[in-house]
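Student: Before we start, here is the structure in question, set down as structure tokens.
The values are calculated or read from the model by the stated rules, or taken from the named source; none is laboratory data. Small disclaimer: the values here were computed from a predicted structure and weren't measured. Positions of Cβ are backbone-derived with ideal geometry, glycine not excepted, and every protein chain shown enters the neighbour counts.
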């Protein structure tokens, strides 16, 4: 498994900028983190996630299940709950906090899921979506950003360094080509795996891979 140190070494080598290992080390860390954040909301074959959600009797909200970043589908005990966006929220009026029962709709507010009615019992639900995978922080870290998405993160980091730090327009153009090439490869592989319903790669909270076939439920 490639580590964060391996990723940074490759960036330093390919840019021929030894100062990224000392004077500009903090700048390099920030640009790598920004590159990871840039693609955190994009669906790839390696960041699919399933998390359990349990309602609390008498409480109309529940925390977004950690470490999930985006929920695509929330499956209740008998049927999926209908998502209501914040833009649509006024159309439903104020969710009926005084009504109780099994919720059928939900919206996302301030890191919480808010239901249309207050659960009258503990209901076990399952959330499907994208996992929150933090950027690597120390040299020994290894996760999907330093492995499956390594080439993309390297290319994006080289591009933003050339644009924002080195003011190297030629470097920006070359790095942008690398970004697009590696993004296309990841998207093509993601489409292939989704299309064939092959085993998706789930990741644990620490970003390590876990194999499990579940795409038919998405």
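Student: Across the stretch 13-27, what is the number of residues that are crowded, with 18+ Cβ neighbours inside 10 Å and without any contact (Cβ under 8 Å) to a residue 12 or more places away in the chain?
Tutor: Count: 0.
Student: What do you reckon, is residue 10 surrounded by fewer than 19 Cβ atoms within 10 Å (Cβ to Cβ) and more than 21 Å from residue 144 (Cα to Cα)?
Tutor: no
Student: Follow-up question, since we're still on this one. Taking residue 72 as the residue in question, decide whether it is assigned to a strand (DSSP E or B), in contact with a strand residue (DSSP E or B) (Cβ under 8 Å, 6 or more places away or on another chain), touching a residue at least 60 places away in the same chain (Cβ under 8 Å) and not assigned by TED's automatic domain parsing to the domain that holds residue 148.
Tutor: So residue 72 passes the test.
Student: Within the stretch 83-97, work out how many residues are loosely packed, with under 13 Cβ neighbours inside 10 Å and either assigned to a loop (DSSP other than H, G, I, E, B) or at pLDDT 80 or above (or both).
Tutor: Matching residues across the stretch 83-97 total 6.
Student: What is the residue count in the stretch 142-183 for residues that are out of contact with any strand residue (DSSP E or B) (no Cβ under 9 Å at 6 or more places or on another chain) and not in a helix (DSSP H, G or I)?
Tutor: 8
Student: Surrounded by fewer than 18 Cβ atoms within 10 Å (Cβ to Cβ), in contact (Cβ under 8 Å) with a residue 24 or more places away in the chain and not in a helix (DSSP H, G or I) - does that describe any residue in the stretch 28-36?
Tutor: So far as the stretch 28-36 goes, no, none of its residues is surrounded by fewer than 18 Cβ atoms within 10 Å (Cβ to Cβ), in contact (Cβ under 8 Å) with a residue 24 or more places away in the chain and not in a helix (DSSP H, G or I).
Student: Consider residue 107 against the criteria (1) assigned to a strand (DSSP E or B); (2) touching a residue at least 60 places away in the same chain (Cβ under 8 Å); (3) surrounded by 14 or more Cβ atoms within 10 Å (Cβ to Cβ): it satisfies all of them except one. Which criterion is unmet?
Tutor: Result: residue 107 fails condition (2) only.
Student: So which residues in the stretch 117-141 are touching a helix residue (DSSP H, G or I) at 6+ places or on another chain (Cβ under 7 Å), surrounded by 17 or more Cβ atoms within 10 Å (Cβ to Cβ) and not in a strand (DSSP E or B), if there are any at all?
Tutor: 135, 136, 141
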